[in-house]
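The values are calculated or read from the model by the stated rules, or taken from the named source; none is laboratory data. None of the values given here were measured: they were computed from a predicted structure. Quick reminder, even Gly has a Cβ in these numbers, built from the backbone with ideal geometry, and neighbours come from all protein chains shown. The protein model used for the area step is the full one, side chains on, heavy atoms only, and it has no ligands, DNA or RNA in it. Shrake-Rupley method; radii C 1.70, N 1.55, O 1.52, S 1.80 Å.
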Amino acid sequence: MEEEIDEHFIYRLNDNGSGPSLLIKVCAERGWRMYQGYNGGEDRWNLWWRTSAFPAACYKALGDWQFMNHIPKGGSICRKDSLSRLLRCMRRIYGSIYDFSPPCFHLPLEYAKLVSECSRLRRAEDGSGSNVVWIHKPVAQSQGRGIFLFRSVCEMRCGSAAVVQRYIERPLLIAGYKFDLRLYVCVPGYRPLTAYMYAEGLARFGTDKYTLSDIHNPYRHLTNSSLNKSGPRYAECKDRIGSGCKWTLKQVRRALIGRWGAVEWLVWQRIRALVTLTLLAQAAGTPPARNCFEFYGFDVLLDESMKPWLLEVNLSPALAADCEADVLVKQPMLHELFDLLGLPMRHTGLSLLQGPSTQLANGSEDEEGTVREVSSRVETAGTRRGPRWRRRRALPIHCVTLQAPMADKYTDISDKNIAMGSLYKSSPETASESSDSQSTSGTVLTASECMDESWRGGYATAASRKRMISACTWGNGVRWDRGIGRVGQWVRIYPHTLPDDDQQLSMEDARESVAHVSKLIRAAREVVKESGRDIRAPRDSGRDTAFEASLRKKLGYGSNFEMWLPPF
């Protein structure tokens, strides 16, 4: 048994072992070892990180001890045409709350509509439509490839499938430079939706000053760092911006708060709502998936009135370390992401990966309350794969042995000093809620409870409810229907609060979820209107604390509501 516990956590990168150097560095710092079976020699790994989506067969063979960084159908919002369709549909249903994406046309299908709209704008009485700028984006490209601006359809170069959007002509500028925000979002599950956003992020600047008199210079209008780092002024020390093309969100806050005051606080709440509403747009079409998570990069642009606009969502955001801002943001972000997901620092032994101690199926515990040695082969009576029930295969010797589902009820936690709680980094923000969060992250659902017909959570059949409940409880003991509120700078942005009854999953329909987000935005506006009038009020973290207390009071939320704000 000692030999098994000393085995290292095995991580796998793509299909050939190549991946971002920063990700490899973080994995090495956590004591993980690189997968060695890329030539087909072995199939033993704990975490598979892939840039593109996984084949469906990979999900069917996923073991309790294995984790993957993509959810089935979790990338629908990452294609520009699919994102536009989803948001257009949600806007028709829920109205102006989804008005955070510019008007969009899909080519070649909507070419005639685009021409008609351009003609209508040219005929506008005020003449403002004659100089409207449009932006052309290929649907399946990244890093700024294939993007260009134009004023007349005659200038447009038609090629592969693309989207054409109304260009946001009046972006917010800092020292004359255009910028957008790269925000990092983690979704451990869509059924029910559980979403986290990292408090720190990046601002990406164009390296030439912004002007509409030159729409063909990409360094003025495109903020992709992969493009701008090849520009002639990338290394130049630019006014206020400095060298390079990136800031942290902390730097952005300090630049904006002096000019905008309380409105600056409100814009972050609107960004939180924008991210949540975008995830809700694809939640209904995403099946339950266990031991899978999605890691997104949201690109958001602020216009001159401080309204946030969603530009696109990236399935596998870049993890390169091109500058100091990258290292400052991404390295701790990855460490805290793995802590959030309950992945260990080094080993895969039972007491280190599974979470807070629980009873085994046969109730075998010693007198001191610790779990006795577990066999390396576990028979699970309810693992469904395909049309027949079958026993799970034996675990590889280096992988963790997990317990079978419990018999009749949720398992109470008897020891809060081991496993999952030790993985979460201690901080003043998390200390006050550690008792509640740990007690809800390690419980296990039972096969009998999954089939209970009296349970009502929005699914029509017992089998579908069982799949959803099973997806909420990962093989390492983490329960995502009772997701912890905060780990490091990863903050739960949805659900806003958790139900008091631990026996019932929080499963809402989309209408209820959108209503909760709308309520949050209304309350945030009221807080700013009421509390932001005093120009003598402090513009620091003390103001954030006062606004947070006022917002909690208006919403009627308790201590498990988490406020998302970039650091000050």
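Summary of values
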{"quantity": "Cβ-Cβ under 7 Å pairs, at least 6 apart or on other chains, segment 511-526 side closer than 15 Å to Ala262 by Cα, far side open to solvent by 60 Å² or more (accessible area, probe 1.4 Å) and assigned to a helix (DSSP H, G or I)", "calculated": "Ile521/Arg270; Ala523/Lys554; Glu526/Lys554"}
{"quantity": "Hey, Gln66 modelled with pLDDT under 90 and not aliphatic (A, V, I, L, M) or not", "calculated": "no"}
{"quantity": "Of the criteria (1) closer than 28 Å to Ile71 by Cα; (2) open to solvent by 10 Å² or more (accessible area, probe 1.4 Å), which one Val153 fails", "calculated": "(1)"}
{"quantity": "Any hit, segment 129-142, residues being surrounded by fewer than 19 Cβ atoms within 10 Å (Cβ to Cβ), in a loop (DSSP other than H, G, I, E, B) and on the phi > 0 side of the Ramachandran plot", "calculated": "no"}
{"quantity": "Per-region count, segment 45-77, residues of a type in the set (D, E, K, R), under 13 Å from Leu13 (Cα atoms) and open to solvent by 60 Å² or more (accessible area, probe 1.4 Å)", "calculated": "0"}
{"quantity": "Residue, most open to solvent (accessible area, probe 1.4 Å), within segment 200-219, restricted to residues that are part of a loop (DSSP other than H, G, I, E, B) and within 25 Å of Lys330 (Cβ to Cβ)", "calculated": "Glu200"}
{"quantity": "Top-ranked residue in segment 220-232 [being of a type outside the set (D, E, K, R) and open to solvent by 50 Å² or more (accessible area, probe 1.4 Å); ranked as modelled with the lowest pLDDT]", "calculated": "Ser230"}
{"quantity": "Condition broken by Val115, with the remaining ones in (1) hydrophobic (A, V, I, L, M, F, W, C); (2) in contact with a helix residue (DSSP H, G or I) (Cβ under 7 Å, 6 or more places away or on another chain); (3) open to solvent by 30 Å² or more (accessible area, probe 1.4 Å); (4) under 30 Å from Ala284 (Cβ atoms) satisfied", "calculated": "(4)"}
{"quantity": "Exclusive hit being at pLDDT 90 or above, surrounded by fewer than 19 Cβ atoms within 10 Å (Cβ to Cβ) and under 28 Å from the mean Cα position of the chain (by Cα), set Arg254, Arg182", "calculated": "Arg254"}
{"quantity": "Selection count where residues are surrounded by 13 or more Cβ atoms within 10 Å (Cβ to Cβ), in contact (Cβ under 8 Å) with a residue 60 or more places away in the chain and not in a helix (DSSP H, G or I), scope segment 23-38", "calculated": "2"}
{"quantity": "Failed condition for Met197, given (1) within 15 Å of the chain's Cα centre (by Cα); (2) in a loop (DSSP other than H, G, I, E, B)", "calculated": "(2)"}
